[in-house]
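Peer 1: Got a structure for you, questions after.
No value in this document is a laboratory result; all are computed from the given coordinates. Source: prediction; values computed, not measured. When we count neighbours, we look across all protein chains shown, and the Cβ atoms used for this are built from the backbone with ideal geometry, even at glycine.
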Amino acid sequence: MTGRQVDEQALEWAIRAADPHFEDWDGLTGWLEADPGNHDRYDDALTAMAEARDRVAAMPVQAEPVAANDERPVRHGFWRWGGSAVAAMLVAVVGVSVWNERSQPYAVETAPGEQRAVQLADGSEIVLAGGSRVTLDRADARVASVEHGEMLFRVRHDAAHPFRVTAGDTQMVDLGTVFDVTHDAGGTRIAVAEGAVMVAPDSAKLRLEPGQAVVARGGELRRQVATDVGGWREGRLTFDNAPLSDVARDLTRQLGRTVRVDPALAARPFSGTIDIRSLRDDPARLGRLLGVSVRADGKEWVLGDNR
C-alpha cells in the first residue's frame, strides 16, 4: 500500500469519527495499531480538517431562504449539516488541497551487503549502499535526509527548485550533479563525481567540483581529494589515508558482515583500493591488504595487530 493510500485511509477515518453517531471505535483502534505510522497520519488528517474547518467558517455564506410565514430561526446552510457531512464538505472544498500540501515523509533502508536504487518523481535517482537509510518526501521529490550509511545521488538539475540533502547537521544543494554522501557516527563526507555541490549553502557556501570532497566533523569542514566516487556500486572501495575505523565501517556496509577494528589500530591510516568480491569469504586476504591480522569472531571479522 502506498503512502498516499494510507493518507486517504487516515482522512476517511477522521471524517467518519467526526460523525456524532460514529460507533466503530474498535475498527479505528485496530487500524491505528496496525502500523506505528498510522497514528501520525491520523493526527495529520485531524489537523488538516481543523485548518480546513477554520477556512470554511471564514467564508461568506448566504442565509437559507424561508417562506414569509415560516417562524423557524434562519440558519446558515453550512451549519445545518451533520458532523460527517460537514467534514466531507470541508475535505471537498479545501481539505484535500490542505492535505496534499503537507509533508509526506517515508524511509528507504537497506540491509548490510544490499544495494538498492530509488527512482524519484522528478527523474533523479538515489542508489543506497548496504546498511543505509534515507528519508524522502512524497510531497516534494527534491529533498532527502541521509539518516546513516552511504548513497550515490544522480540529480536532475532544476535551478528553480534545487535538490537539497541533509545529513546530520550538514546541508548541501546540487548544482547539476552526481555525488556521494556518507554519514555515520564519524561525521559526514560528500564527494562529487559530476557537476557541483554547494555545501552549507546558508553559511560556509563551500563549492565542490568533480574530484573534490569534504568531510564535516565536529562543526568543521575539511577538504579532501575524491577518487573513484561511487566505486562501491561495482564492488570497489577506494581509500586515501583513511583511518582503519572508517575502512571497517565501509567494509561492514558492503560485506554484509560486521568488521571491527582493535581500538589501538582505529586511527592507523590506509590508502588503496579493495575489491570486495575477492575477499567476501577470505579474511586472510583482507589482512594482507590492510597489513593487519584478521580473526573470525562468530559472524564478525576483527582487525588486529599482526605483529
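Peer 1: What spacing in nm lies between the two simple spin-label points modelled at Ala111 and Arg236, each 7 Å away from Cα in the Cβ direction?
Peer 2: Result: 2.9 nm between the two label points.
Peer 1: Sticking with this one: At Thr29 and Arg156, where each label point lies 7 Å from the Cα along Cα→Cβ, what is the point-to-point distance in nanometres?
Peer 2: The answer from the label model is 4.7 nm.
Peer 1: With a Förster radius of 30 Å, plug the Cβ-Cβ distance of Asn306 and Thr135 into 1/(1 + (r/R0)^6) and report the FRET value to the nearest 0.05.
Peer 2: Numbers: r = 41 Å, r/R0 = 1.37.
So the FRET efficiency works out to roughly 0.15.
Peer 1: Still on this structure, please answer the following. Separation between the Arg164 and Ala264 pseudo-spin-labels, each 7 Å from Cα along Cα→Cβ, expressed in nm?
Peer 2: 4.8 nm
Peer 1: Where both partners of a DSSP beta bridge lie in the stretch 201-307, what percent of those bridges are antiparallel, to the nearest 5? Don't skip to the end; give the middle numbers.
Peer 2: Details: 17 of 20 bridges.
Of those bridges, close to 85 percent are antiparallel.
Peer 1: Would you mind calculating the gained length between His21 and Gln119 on full extension (0.36 nm times residue separation, minus the Cα-Cα distance), in nm to one decimal?
Peer 2: Numbers: separation 98, 0.36 × 98 = 35.28 nm, distance 4.43 nm.
That works out to 30.8 nm of additional length.
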